[in-house]
Amino acid sequence: MSAPRDPKDEAAWGERTRAIHAGEAPDPETGASAPNIVMSSTFTVDEPMSFSINDMAEEPPFIYSRWSNPTVRQLEEKLAAMEGAEAAACFASGMAASAALLLSRLSGGDHLVMADVNYPGTAELARETLPRFGVAVSRVDASDPAKVAAAIRPDTKLVWIETPSNPILRLADIAAIAEIAHRAGAELAVDSTFATPIATRPIAFGADWVVHSLTKYIGGHGDALGGALIGKREAVARVAADAGVHQGGTLSPFNAWLILRGAATLPIRMKAHAETALEVARFLEGHPRVGRVLYPGLPSHPQHALAKRQMANFSGMIAFQADDAPALAERMMKRLKVIHYAVSLGHHRSLIYWIGTEAINASTYGLEGEALEAYRAYAGEGVFRLSVGLEDAADLIRDLDAVL
Ligand SMILES: *Cc1c(COP(=O)(O)O)cnc(C)c1O
């Protein structure tokens, strides 16, 4: 039978070895090499136990799967190792993870600074829900650290950015914004879903929290919703206790098992996503019916220098403008053979979706004046958000060329 797990070994391993082995070990009873799925909702205990998470020791045994579960725990340890962090907590979806952090770290009277363009669910939660609980929210163009600094107030508790950001692939400088947040006594949270730990490890740039939708690249196959919060051990444990136990949006062990299996191949998948995305982005940039193409790996991206500094892999997300966009979207729905016209991203299958500027601004962002102009500078009247999958670049290009 193999040696037991040693987290010290895991920290020294290379990225690919960590993705495969961190958090896992052969089953001590049977020697099973792949992780078991422990579906049990409850666990037998052999000494008297309290009924409340408030009374628990720091590392309580498994008691009930809303508190902790062995399969979910394996994924949490793998994710912490992949991000170079102390700890991770998993949730039922990316939104459950985001809501857990915002609702556990912020109280009435606190102030949140959030990027003004990001994942719609997060933007709407901050604009609509948090103010109902007395949290003040300022939304700023986080591609300019000076705008973040100007929004900070004495009561600012948390700064929230997303990089690259949905849907326009605008970047935020994590190191610069971490310094601004910390100088003000606030924490920095980074939604790193588009980057993954293969492109960017926000903790190394000074972030306090990393947020992931595991539904995207980390799970990678479009068959399991999940989310994670990653950070300091004690802080993660506090949020997990509050949000997991009391809000209840915990990850199912079956989904954790699927996502463990996806995470193991993340480094090699990201390499292929980025290589193919660069080829597709170059094709789009050279096409006469395509307008602006936004891909952090293209020298034409307005923040290419920051991308090179902050991203070890440019990921697989492209946004582009096209002449007859609404009609083109309909042609895509009917005629694309390989690429699926569908929301979501980060899967092995390529996905594309049209995001009109007026519609998303009316429903979600509520940008005005200079902020709306800054969005239009990237998106014009709207962008096609293309998540480049793992198919052959030539087939994706042929598929796009036929509808353009
Ligand atoms: C999808 C996504 C989320 C939400 O994740 P779900 O798993 O769908 O709840 C949050 N942030 C980003 C950047 C996303 O792409």
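The values are calculated or read from the model by the stated rules, or taken from the named source; none is laboratory data. All values derive from a computational prediction rather than experimental measurement. FYI the Cβ positions are ideal-geometry reconstructions off the backbone, even for glycines, and counts take in every protein chain you see. Just so you know, the surface numbers come from the protein's heavy atoms only, side chains and all, with ligands and any DNA or RNA stripped out. Shrake-Rupley method; radii C 1.70, N 1.55, O 1.52, S 1.80 Å.
Measuring between their Cα centroids, region 381-395 and region 80-148 lie 28 Å from each other. Surface composition of the chain: carbon and sulfur atoms hold 53% of the protein heavy-atom accessible area at a 1.4 Å probe.
In order along region 306-321, the phi-based Karplus estimate (6.51 cos²θ - 1.76 cosθ + 1.60, θ = phi - 60°) of 3J(HN,Hα) comes to 5, 4, 5, 6, 10, 10, 7, 7, 8, 6, x, 9, 10, 10, 9, 9 Hz; Gly and Pro are listed as x.
A simple spin-label model places pseudo-atoms 7 Å from Cα toward Cβ; at GLN247 and ALA394 they are separated by 4.8 nm. For the chain, the longest principal axis of the C-alpha atoms and the axis of helix 325-335 are separated by about 70°. The slack in the chain from GLU381 to SER107, taken as 0.36 nm per residue of separation less the alpha-carbon distance, amounts to 94.9 nm.
Working from label points 7 Å from Cα in the Cα-to-Cβ sense, the ALA136 to ARG153 distance is 0.2 nm. Computed on the Cα trace of region 266-403, the radius of gyration divided by the Kirkwood hydrodynamic radius gives Rg/Rh = 0.96. Net length available on complete extension from HIS182 to ARG331 is 48.8 nm, with 0.36 nm assigned per residue and the Cα-Cα distance removed. Residues whose amide H lies under 5 Å from that of ARG292, counting only those 5 or more places away or on a different chain, are GLN321; hydrogens are built 1.01 Å from N in the peptide plane.
Against the chain, whose longest principal axis is taken from its Cα atoms, helix 253-263 shows a tilt of about 60°.
Considering only protein heavy atoms, what is the solvent-accessible area of PHE194 at a probe of 1.4 Å, reported in Å² to the nearest 10? That residue has around 10 Å² of solvent-accessible surface. For the chain, the longest principal axis of the alpha carbon atoms and the long axis of helix 94-105 meet at an angle near 70°.
In this calculation the C-beta distance from TRP13 to LYS232 is compared with R0 = 30 Å, giving a FRET efficiency of 0.85. In this structure the amide hydrogen of LEU188, modeled in the peptide plane, comes within under 5 Å of the amide hydrogens of VAL159, ASP208, TRP209, none closer than 5 places in sequence on its chain. For the chain, a simple Cβ point-charge model (Lys and Arg +1, Asp and Glu -1, everything else neutral) yields a dipole of about 660 debye relative to the Cα centre. Considering only ALA172, SER65, ILE360, whose Cα is most displaced toward the positive end of the charge dipole of the chain, charges sitting on Cβ of Lys, Arg (+1) and Asp, Glu (-1)? Checked the options; the winner is ILE360. For ASP46 and ASP223, the FRET efficiency from 1/(1 + (r/R0)^6), where r spans their Cβ atoms and R0 equals 56 Å, is about 0.90. Within region 8-263, the ratio Rg/Rh, alpha carbon atoms throughout and Rh by Kirkwood, equals 0.97. Backbone amide hydrogens, once placed in the peptide plane, bring GLY382 within less than 5 Å of THR357, excluding anything fewer than 5 places away on its chain.
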